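What follows is a single structure, written as structure tokens, with notes after it.
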Amino acid sequence: MSSSSRVRTAPGRSSVRITVMRVLVVSLFATLALRLWTLQVLQSDHYQSAANDNRVREAITPAPRGLIVDDAGRTVASNRTTLVVSVDRSILDRQKDKGAAVLTRLAGALGLQPLELVARTRLCSAKVPQPCWNGSPYQPIPVATDVSPQKALSIIEDPDQFPGVSADTQAIRTYPFGALAGHEVGYVGPISQAELDKSPDRTRTDTVGLGGLEQQYDNVLRGRNGVKKLAVDRFGRVSGVDSSTDPTVGDTVVLGTDMKVQKALQDALSGALAHSTGKADSGVVLDATNGQVVAMASLPGYDPSEFVGGISQANYDQLTNPDAGTPLFSRAYQGSGAVGSTFKPFSLIAAVTKQGQSLDANYDCSPSLQVGSQAFHNFEGSSAGPISLHQAIVISCDVIFDKFAYDAWLSDGGLRNGKGPYAPAQEIFVNNARQFGFGSQTGIDLPGETAGAIVDRAQNVHNYNQLKASYCRRAKDGYPEVKDPTQAAQFQKYAQEACTDGNLYNGGAATQFAIGQGAYLNISPLQLAVGYAAIANGGTVYEPRVAKAILNPDGSVKQVIKPVVKSKVNIDPTVLDYVKNALGDVTISGTAAGAFAGFPLQQIHVGGKTGTAEVQNQGDTSWFVSMGPLPNPKYIVLMSIPNAGQGAKTAAPAARQVWEAIYGIGQPAAVPNGQTPTKLPAIRADGSAAPPRRAP
Amino acid sequence: MSSQGLSGLPGLRSAPSLRDRAAQARSERRGAIIRSIDWLLILSTLALCGLGSLLVYSATKQSQIDHQLDPMAFFKRSLMNVAIGLVLGLVVAAVDYQYLRAYAPVLYVASLVGLAAVLLIGSTINGARSWIVLPAGFQLQPSEFAKVALVVGMAMILGEKRDDSRFGVTSAPRTRDVLLVLLVAALPLGLIMLQPDFGTTMVFVFVILGVIACSGAPVRWVVGMITAGVLAGWAVLGMHLLKPYQEARLTQFASSNTANAGSTGYNVDQAMTANAHGGIFGRGLFSGSQTQGQFVPENKTDFVFTVAGEELGFIGACGILVLLTIILWRALSIARASEDTFGLLVAVGIAVWFSFQAFINVGMTLGIMPVTGLPLPFVSYGGSAMFANLIAIGLLQNVYRRSR
């Protein structure tokens, strides 16, 4: 640089400022490099997942739901493919008229009512009642199943006319046996938002079991959805498959239930309804040796197919309508009530084992027993004089058991409304009932079973404390909403009694308890069958099981559902044998002798107990619980027919029909030699079920 | 020098013939030309341009294939832009130094005409009326050329030799000169603000500030202008003088993670994700899922740095930063070595222009600078910007040649 140029420029100032600029430039770019390092190295994990979220979309291939087959390999629930037309709400909402025109056209094409279609495709909310779509707004709403291919084609080939409408094949659940064992099989439906939030491994399009076995065994039936991870670009276009897992078919649930016995049971139940004043009834066939539910039914029932593809509101209303018998509700394990004289065997056991009554003594079966101001009469006031406990069961004498219970109540201190002090109450009848599983859930593999109720002194006080306020209000205000003035007055009287001394353990009710009547016991048919099974098998209270095994899709055994012992009653076997003996004579010379007249009791000795439960403001419930063949019973057959009068008249003949079907009396046997298969059904290569192989 | 050294050793060589002398003279001239080239500057520029074209290629390849177009179309056009730019730069570098000053007013007026034209007949892209659409698919962005004109124009005014009573002949500008240059700069600045092109406005503001600061102008001017700039920035944001989308872009970078596609937050999120996805060594050219999946919007222009970030990783991205730093370092060296204030100020103006623009551009893809729509010099796809950038390199080379 020449000296003259130095003179001409303004070197000092500029030179310093250029140096400052150099520092600035370098520090700016160093900042960038530092930031790069932070992003690319230090925070790379965080952005790695963001990058994957960006470019990977999951496409779900639904897993075919597993089969439900009965013990003989008959298909109870399977899948079939159908053409389903669905509507995408999110696309419809982008239309100017929110899709009204599209839905009208679609209704025309499918032969549906336009208004109904609009209603079914609107989104449910607090203000929008059923019918409406309860699923996600982004999930296509199925509006028609089993659409003919021609119709479906005409719709999807015209996307301008039908934006947001799609037609595709879907596997839908099918129930070949229809309403047979409907309550037990249960039903499926679209997954709810709550369920979805709970289980992150599920997807919006999943179908889930919502009742019965479909719900109970959902986790094995549902299989595993196939997931295709698709690499996509910003526009959602697929550029490749990142990874892919095929769907896994759900496992097969094998039932201990036999659909032929089930059919016999339901036929007997509907026959009983046809020949009596009853409107609804239920029955249980239990394997007494292991707690397997061989058949269980409650009429009126429902066909699970009604729920496939979404149930209409009208149908759902019908299923929950009390006037129609609440078909959705299974009386067999969800309902409970008084069981009448079928409870006497348990009272006998309590009296003999805990009260010191003798199996060899005779007791006076007088016409009536006076308890305070109340007189308890024998059934129709009959008198049999001094008889053994055996005979008391056979002819179903009430007074003997009433007396036992009354004495027990007295020795427990009666009402205990005095000064005391009282020794701790033994409550032998209540505690004995509990031993046999009454008052608690049986533990059956079905959702929603009732626990029933066994009310002891403590429970009574507890109930009273909870209801006292309501009793006392009703005692004062009465029941203005009850139309019948006599009934309203009666209710008010009860309320007044309950308000003043509802905390006291009622001697009348305690006495009634021993003969299966009154307010202190509520037992479900299933609970009663389990209790009888314990008598039959020597004291084992099983948790009943509808399913007996789970098979892998290839037919191999994944899990054998072994009998689960809930408890063992600690009772001298001679007492149980005594009871079985007595039950054996009921069908020969006792209350059920008429019903079993002509039945080959010599070959298949079925014993049982009739019961006639009194129900407030209703007709009696006709009960019959039977076991056979004695002396080592295989099955318990129970019938409960409300509003149908005496047990001997309606329930016992119906039970006899089931016994005849099982053992093939006058017809082919429902199960060969009266034995349900011990081997598991096989699964064929095509995935369908085959009968169990014969034992070699 | 070398020929002298050789001839100073008699006996080792025979006396040179006439023909040898002629060859020697040619070689000397060639040597002079070769020596008069700032190789570091030129090679860095060429490397950056070549890398930029590859990145543009990678950014556009998949989209071109999707639309069944020539996958290399943008690569070819980018290379063509570089070639045209190099010719323009060569012409500028070869022009006599004295003519540069002489042409400065012409360039200035031409850029004013261009900026006025764009407001009248320009097309609006991304909210700013910055482009003049020419036939045959060409677009012109006058504001890019205006940057060159601004630098040369300011250098001309502030580099005038002046008489000073105290220091004799000096070129340190007086208040009068600073006011004049502010007026001269205000015209194109105003036109750009009308487009409105916030990014280029800021480039102008910083170039004006930098050039005046290095011109030897009194300190009070430098401090005063910085203070005024800060106050103006505060006022602009505080009083909402910007259009909402501009304000959103400016403030968004501080709070990103808005997953709204199309919004500024989305752009920045995608850009940061793509950058971070590269890690240290990158995913390999043409192999970045974010780039090839076209998740980063505008990644052949404003967000081209993300392609480097994802596919070339920290190593490659830093390579770009290093090349840019070399160019800027050279520009400032040339400024310091300039034989006159005009050359110094041209080089300083260009250095401020590039450094500000590069910092904002890269910073925005890293989430530390607002989204302003400025291209990355030499790398982003775009003819006007590439031409202006290479013309600026030509200017630097011209100044360098004269500083010897």
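The values are calculated or read from the model by the stated rules, or taken from the named source; none is laboratory data. Just so we're clear, the structure is a prediction, and the values are computed from it rather than from any experiment. Note: ideal-geometry Cβ built from the backbone for every residue, glycine included; neighbour counts use all protein chains shown.
Below is a table of values for the structure above.
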{"item": "Subset of the range A:461-495 (residues that are polar (S, T, N, Q) and either outside any helix (DSSP H, G or I) or free of Cβ contacts under 8 Å to residues at least 60 places away in the same chain (or both))", "result": "A:463, A:465, A:466, A:470, A:486, A:490, A:492"}
{"item": "Residue ranges of strands (runs of 3 or more DSSP E) in the range A:207-322 with at least 3 members touching a Ser or Thr at 6+ places or on another chain (Cβ under 7 Å) and under 18 Å from residue A:76 (Cα atoms)", "result": "A:293-299"}
{"item": "All positions within the range B:79-121 that are in contact with a helix residue (DSSP H, G or I) (Cβ under 7 Å, 6 or more places away or on another chain) and not hydrophobic (A, V, I, L, M, F, W, C)", "result": "B:81, B:85, B:89, B:97, B:101, B:108, B:111, B:114"}
{"item": "Test: residue in the range A:574-583 that is out of contact with any Lys or Arg (no Cβ under 6 Å at 6 or more places or on another chain), buried (at least 17 other Cβ atoms within 10 Å of the Cβ) and on the phi > 0 side of the Ramachandran plot", "result": "no"}
{"item": "Of residues in the range A:358-393 being in contact with a Pro (Cβ under 8 Å, 6 or more places away or on another chain) and in a helix (DSSP H, G or I), the one modelled with the highest pLDDT", "result": "A:393"}
{"item": "Odd one out for residue B:319, checked against (1) more than 9 Å from chain A (Cβ to nearest Cβ); (2) among the small types (Gly, Ala, Ser); (3) within 20 Å of residue B:207 (Cβ to Cβ)", "result": "(3)"}
{"item": "Checking residue A:125 against (1) of a type in the set (Ser, Thr, Tyr); (2) surrounded by 16 or more Cβ atoms within 10 Å (Cβ to Cβ); (3) within 30 Å of the chain's Cα centre (by Cα), the condition it does not meet", "result": "(2)"}
{"item": "Any pair with Cβ under 7 angstrom, 6 or more apart, that starts in the range B:360-386 at a residue that is within 14 Å of chain A (Cβ to nearest Cβ) and ends at one that is surrounded by fewer than 24 Cβ atoms within 10 Å (Cβ to Cβ) and of a type in the set (D, E, K, R)", "result": "B:366/A:35; B:368/A:35"}
{"item": "First in the range B:280-301 and within 12 Å of chain A (Cβ to nearest Cβ) and more than 12 Å from residue B:61 (Cα to Cα), second anywhere and of a type in the set (Gly, Ala, Ser) and not in a loop (DSSP other than H, G, I, E, B), Cβ under 6 Å, 6 or more apart", "result": "B:280/B:313; B:281/B:313; B:282/B:313; B:282/B:316; B:290/A:51; B:290/B:274; B:296/B:271; B:296/B:274"}
{"item": "Failed item, numbered, when residue A:467 is tested on (1) within 34 Å of the chain's Cα centre (by Cα); (2) buried (at least 16 other Cβ atoms within 10 Å of the Cβ)", "result": "(2)"}
{"item": "Residue list for the range A:75-105, restricted to those being among the charged types (D, E, K, R) and surrounded by fewer than 19 Cβ atoms within 10 Å (Cβ to Cβ)", "result": "A:80, A:93, A:94, A:96, A:97, A:98, A:105"}
{"item": "Unmet criterion (only one of (1) at pLDDT 90 or above; (2) within 14 Å of chain A (Cβ to nearest Cβ); (3) closer than 25 Å to residue B:356 by Cβ) for residue B:313", "result": "(3)"}
{"item": "Hits in the range A:247-280 - residues which are more than 22 Å from the chain's Cα centre (by Cα) and hydroxyl-bearing (Ser, Thr, Tyr)", "result": "A:248, A:276, A:277"}
{"item": "Among the candidates B:376, B:366, B:395, residue that is closer than 18 Å to residue B:90 by Cβ, touching a helix residue (DSSP H, G or I) at 6+ places or on another chain (Cβ under 6 Å) and hydrophobic (A, V, I, L, M, F, W, C)", "result": "B:395"}
{"item": "Odd one out for residue A:71, checked against (1) more than 38 Å from the chain's Cα centre (by Cα); (2) of a type outside the set (A, V, I, L, M); (3) surrounded by 17 or more Cβ atoms within 10 Å (Cβ to Cβ)", "result": "(1)"}
{"item": "Qualifying residue in the range B:61-71 (condition: at pLDDT 75 or above, of a type in the set (A, V, I, L, M) and under 22 Å from residue B:383 (Cβ atoms))", "result": "yes"}
{"item": "Considering residues of the range B:207-224 that are within 14 Å of chain A (Cβ to nearest Cβ), surrounded by fewer than 18 Cβ atoms within 10 Å (Cβ to Cβ) and assigned to a helix (DSSP H, G or I) only, the residue modelled with the highest pLDDT", "result": "B:223"}
{"item": "Unique match (being within 19 Å of residue A:325 (Cα to Cα) and buried (at least 22 other Cβ atoms within 10 Å of the Cβ)) among A:297, A:288", "result": "A:297"}
{"item": "Condition met for residue B:390 (assigned to a helix (DSSP H, G or I), within 12 Å of another protein chain (Cβ to nearest Cβ) and either crowded, with 24+ Cβ neighbours inside 10 Å or over 13 Å from the mean Cα position of the chain (by Cα) (or both))", "result": "no"}
{"item": "Among (1) assigned to a strand (DSSP E or B); (2) within 14 Å of chain B (Cβ to nearest Cβ); (3) hydrophobic (A, V, I, L, M, F, W, C), the one test that residue A:77 misses", "result": "(2)"}
{"item": "Subset of the range A:16-26 [exposed (fewer than 12 other Cβ atoms within 10 Å of the Cβ) and under 19 Å from residue B:321 (Cα atoms)]", "result": "A:23"}
